[in-house]
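*Asks:* I'd like to ask you about the structure that follows.
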Amino acid sequence: MNLYHYAAPATFYRMAGRWIPWLSWGAGLLTAMGLYISFFVAPTDFQQGEAYRIIFIHVPAAWMSMFIYLVMAFWCAIGLAFNTRLSYLMARALAPTGALFCFLALWTGALWGKPMWGAWWVGDARLTSQLILLFLYVGIMALWAAIDDPKRGDRAGALLILVGAVNVPIIYFSVKWWNTLHQGSSINLMKAPSMATTMLVGMLVMAIAAWLYTIAVAFVRVRGLILERERHTDWAQEALKEA
Amino acid sequence: MMWQSGAEFWSMGGYGLYVWGSFGVTALGVILEVWLLRRGQRSLVNRLQRMQRWEAQ
Amino acid sequence: MRLSTHNLACQRGDRRLFSGLQMDLYAGQLLLVQGGNGRGKTSFLRLLAGLSQPEAGEVRWNGESISRTREAYYQTMVYLAHANGVKDDLTPVENVQIHVGLRGQKRTQAEIEPVLVRMGLAACLDLPARVLSFGQRRRVALAGLLVSGAMLWILDEPLTGLDVRGVAEMETLLREHVQAGGMVVMTTHQPLRLQGVDTVPLQIGPLMQVDDLVSESASAEA
Amino acid sequence: MWRFLITVIRRDLLLAARRKGDWLTSQFFFVMVVSLFPLGIGADPEQLRRVAGGVLWVAALLASLLSLQRLYADDHRDGSLEQMLLSPQPALILALGKATAHWLIFGLPLLVIAPLLGLQFALPPDVIGTLVISLAIGTPILSLLGGVGAALTLGLRGGGTLLTLLILPLYVPALIFGAGAVDGILAGMGAEAQLSLLGAFMGLCLLLAPWVTGAALRVSVD
């Protein structure tokens, strides 16, 4: 096994193309399973009634938004350290999906907060950090959009993502601090319902589905980016004729 | 089976707006992303093919 | 003292400007980079200066990559391009002082003024550079280059904005510098009289194949 | 290295002294934003006191963004940024020098103005003292982190707006700890914890931001 073999754009382009259908089917199947668990297996919560079922989206979405950011930071670090162009493309391909999950986590958080706390938005540390994470995602994509030269865009975006990755835990900590200072009692979404095993299983299934979906979508984007960057090479010309 | 009827399922114990609001917007977001992606990919391939033909001349 | 490139390739956006570029330059030589507009002359000079990173290959100073010998290389090299790097709000003397200060050197006003006078700026030594013409600002930048005492000059179109007398002075400067054992890499669109200067031509074109004639003549002269 | 660092700082201070209007703009902006708040929320001293920390800190963040837009942009335009990057010293020293100069020009005057504005918000003396200390520790963060943004957005269309978008989220910890210190002392809980956290964040920025800024500058001129 040669790692450089898979790092070659042409090889990766073909490999990603083979994987996309499997990933998509897997994501669909697991989503169906997750939805079944969320609505038909998981029992009604005695405290929150049916509203708690939002957790099956909210928690996986929040997880994903943070994981995707970390994965992007990882690829950017690799890119800056070893000057591998493919890793920057991975970061570019992941960002929009990360932002989507970030938005969904905020949206579902608000919809959950309303019946539980009577307000769409409370200064919960988790939600506020999530909002700032969304700002980071938007900033990164805006920076990419503003830079015409792909090479400069790759590396400038990578630096920003890494600065953000160092900053995110500090932001989370500071917001939590601010929260306890101003709120008195800290309200925590995760603590509310006691974690039953079925709930955990449901959330995990949904999270894995989200992962497969993310990888599939990112692969499609990476393929597009590779084709665009490598369009002068022979294999890309061939691939374009086939497409 | 914990839902006695379809109506009960949709009302979600009075929280229907919030629960379906969450799941609905999530579905919408995913569908939108996939749709945009497919459209973007198709136009990208078209553009690259046009450029290829133009450069071949 | 040797400046060389090894299999240098450069890509700007979609376009590959050149690849596999080999070049050697020794003390007492002037490399005249030629080629039409948009062929990558400026990009080549920026690569030599270490301002941009090559797509492939490397630039070497005394046989070692300039990214490894950064400090030593930048102490011997000055780069002057279209933008002079002259601050409008500072006087010529201050401009030169800062220029050499950034290179870690210290020069007094008494050391700098004669050079500026030589460059024909005697009348505006204490005026802000804002009131100077483009050609005069270029002279300020050239004075900074002289004061720094650098051995390798990388000059991108140094003649733009200079009048006939300025061009003649520039020719003298180049001749003196090269004959004193200095090295120059430069581009120009203007004809230049460089009798008695060991000039190495380098042609840069689209999808550059190594110009055999050039590299042969370069190694022959070496 | 020291000569280079000092040259960079002195150069920026000299340029600022020659162009007072440029940096006075952001100071006036700070004063104006802060002074507008009582007009917006009423003159009740109790209420003003409660929001004072937050208002002054948010105004400081916005004012810093206003001044940061030109931190590297002018030097980029006239080519002197390239000259500074071609110094034998690494780019992180350059970034450190530029951030220091920016703090001396932007942050230091803020410390003088802030107590006067604090009086406008009916703050007692000990709270004003904490406010000034929090700004003294916090404004270097603005110069350091802002430098990263300024370097990344160098020469881009709509660079100023983009800078705001990129950097404001990163400022959040400084805002929370800084304004929190003022609130803490107002609430009689002391401000040591917030101030030490602010100091820790400043230390981290001092350690990492110049390095990232240097890398970003290299990327941006490439």
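*Asks:* Can you say whether C:ARG70 is within 8 Å of another protein chain (Cβ to nearest Cβ), over 26 Å from A:THR233 (Cβ atoms) and out of contact with any Ser or Thr (no Cβ under 9 Å at 6 or more places or on another chain), as far as the supplied structure shows?
*Replies:* yes
*Asks:* Sticking with this structure for a sec: Being out of contact with any Pro (no Cβ under 9 Å at 6 or more places or on another chain) and in a helix (DSSP H, G or I) is the requirement here; does A:PHE103 meet it? Spell out the reasoning first.
*Replies:* Values: out of contact with any Pro (no Cβ under 9 Å at 6 or more places or on another chain): yes; in a helix (DSSP H, G or I): yes.
Here the answer is yes, as A:PHE103 does meet what is asked.
*Asks:* One residue is enough: does segment A:130-151 have a residue meeting the conditions under 18 Å from D:ILE141 (Cα atoms), part of a helix (DSSP H, G or I), more than 8 Å from chain D (Cβ to nearest Cβ) and of a type outside the set (A, V, I, L, M)?
*Replies:* No, because not a single residue in segment A:130-151 is under 18 Å from D:ILE141 (Cα atoms), part of a helix (DSSP H, G or I), more than 8 Å from chain D (Cβ to nearest Cβ) and of a type outside the set (A, V, I, L, M).
*Asks:* With respect to the numbered conditions (1) over 19 Å from the mean Cα position of the chain (by Cα); (2) more than 30 Å from C:GLN34 (Cα to Cα), which one is the sole condition not fulfilled by C:GLU64?
*Replies:* Here C:GLU64 clears every test but (2).
*Asks:* What is the number of the single condition among (1) hydrophobic (A, V, I, L, M, F, W, C); (2) modelled with pLDDT under 85; (3) surrounded by fewer than 16 Cβ atoms within 10 Å (Cβ to Cβ); (4) part of a helix (DSSP H, G or I) that A:MET199 does not meet?
*Replies:* Here A:MET199 clears every test but (3).
*Asks:* Still on this model: Looking at D:ALA191, D:ALA181, D:ALA215, which one is more than 15 Å from the chain's Cα centre (by Cα), within 20 Å of A:GLY139 (Cα to Cα) and in contact (Cβ under 8 Å) with a residue 24 or more places away in the chain? If you could, list the steps in order and put the result at the bottom.
*Replies:* Working: D:ALA191 fails: within 20 Å of A:GLY139 (Cα to Cα); D:ALA181 fails: within 20 Å of A:GLY139 (Cα to Cα).
Within the list D:ALA191, D:ALA181, D:ALA215, the selection yields D:ALA215.
*Asks:* Given the condition assigned to a helix (DSSP H, G or I), among the β-branched types (Val, Ile, Thr) and buried (at least 18 other Cβ atoms within 10 Å of the Cβ), answer yes or no: does some residue in segment D:149-160 qualify?
*Replies:* no
*Asks:* Sort through A:PHE103, A:PHE82, A:PHE135 and tell me the only one that's more than 17 Å from A:ARG221 (Cβ to Cβ), under 11 Å from the mean Cα position of the chain (by Cα) and surrounded by fewer than 24 Cβ atoms within 10 Å (Cβ to Cβ).
*Replies:* A:PHE103
*Asks:* Just checking: which of the helices (runs of 4 or more DSSP H) contained wholly in segment D:1-109 hold 2 or more residues that are touching a residue at least 60 places away in the same chain (Cβ under 8 Å) and farther than 21 Å from C:VAL78 by Cα?
*Replies:* So the answer is D:2-18, D:20-41, D:45-68, D:91-102.
*Asks:* Among the residues of segment D:16-60, which ones are touching a helix residue (DSSP H, G or I) at 6+ places or on another chain (Cβ under 8 Å) and within 14 Å of chain C (Cβ to nearest Cβ)?
*Replies:* Passing the criteria: D:ALA16, D:ASP22, D:TRP23.
*Asks:* So, one more: At pLDDT 90 or above, within 13 Å of another protein chain (Cβ to nearest Cβ) and under 30 Å from A:GLY202 (Cα atoms): does that describe A:GLY34?
*Replies:* Here the answer is yes, as A:GLY34 does meet what is asked.
*Asks:* Also, quick follow-up: Just one of the numbered conditions (1) facing another protein chain (nearest Cβ under 10 Å); (2) outside any helix (DSSP H, G or I) is not true of B:GLN4; which one?
*Replies:* Against the list (1) facing another protein chain (nearest Cβ under 10 Å); (2) outside any helix (DSSP H, G or I), B:GLN4 comes up short only on (1).
*Asks:* Follow-up. Test D:GLY79 against the criterion of being on the phi > 0 side of the Ramachandran plot and either modelled with pLDDT under 95 or of a type in the set (A, V, I, L, M) (or both), and give yes or no.
*Replies:* yes
*Asks:* So, D:LEU163, is that one within 30 Å of C:ALA83 (Cα to Cα) and surrounded by fewer than 24 Cβ atoms within 10 Å (Cβ to Cβ) or not?
*Replies:* Against the criterion (within 30 Å of C:ALA83 (Cα to Cα) and surrounded by fewer than 24 Cβ atoms within 10 Å (Cβ to Cβ)), D:LEU163 does not qualify.
*Asks:* Now for a separate question. When you check D:GLY180 against the structure, is it within 9 Å of chain A (Cβ to nearest Cβ), out of contact with any Asp or Glu (no Cβ under 9 Å at 6 or more places or on another chain), in a helix (DSSP H, G or I) and more than 13 Å from A:SER174 (Cβ to Cβ), yes or no?
*Replies:* Answer is no for this residue.
*Asks:* Inside segment A:33-69, can you point out the residues that are touching a residue at least 24 places away in the same chain (Cβ under 8 Å) and part of a loop (DSSP other than H, G, I, E, B)?
*Replies:* Those that are touching a residue at least 24 places away in the same chain (Cβ under 8 Å) and part of a loop (DSSP other than H, G, I, E, B): A:ALA42, A:PRO43, A:GLN47, A:GLN48.
*Asks:* OK, next. Tell me, please, whether a residue that is assigned to a loop (DSSP other than H, G, I, E, B), modelled with pLDDT under 90 and more than 13 Å from chain D (Cβ to nearest Cβ) can be found in segment C:104-116. Give the steps one after another, and end with the answer.
*Replies:* First, the residues of segment C:104-116 that are assigned to a loop (DSSP other than H, G, I, E, B): C:104-108.
Now restrict to residues that are modelled with pLDDT under 90: C:104-108.
Narrowing further to those that are more than 13 Å from chain D (Cβ to nearest Cβ): C:108.
Yes - at least one qualifying residue is present in segment C:104-116.
*Asks:* Test each condition in (1) at pLDDT below 90; (2) assigned to a helix (DSSP H, G or I) for C:VAL93 and report the one that comes out false.
*Replies:* All conditions are met except number (1).
*Asks:* So how many residues does segment A:159-176 have that are at pLDDT 90 or above, more than 9 Å from chain D (Cβ to nearest Cβ) and buried (at least 18 other Cβ atoms within 10 Å of the Cβ)?
*Replies:* 1
The values are calculated or read from the model by the stated rules, or taken from the named source; none is laboratory data. Source: prediction; values computed, not measured. Ideal geometry is used to build each Cβ from the backbone, glycine not excepted, and the neighbour counts take in all protein chains shown.
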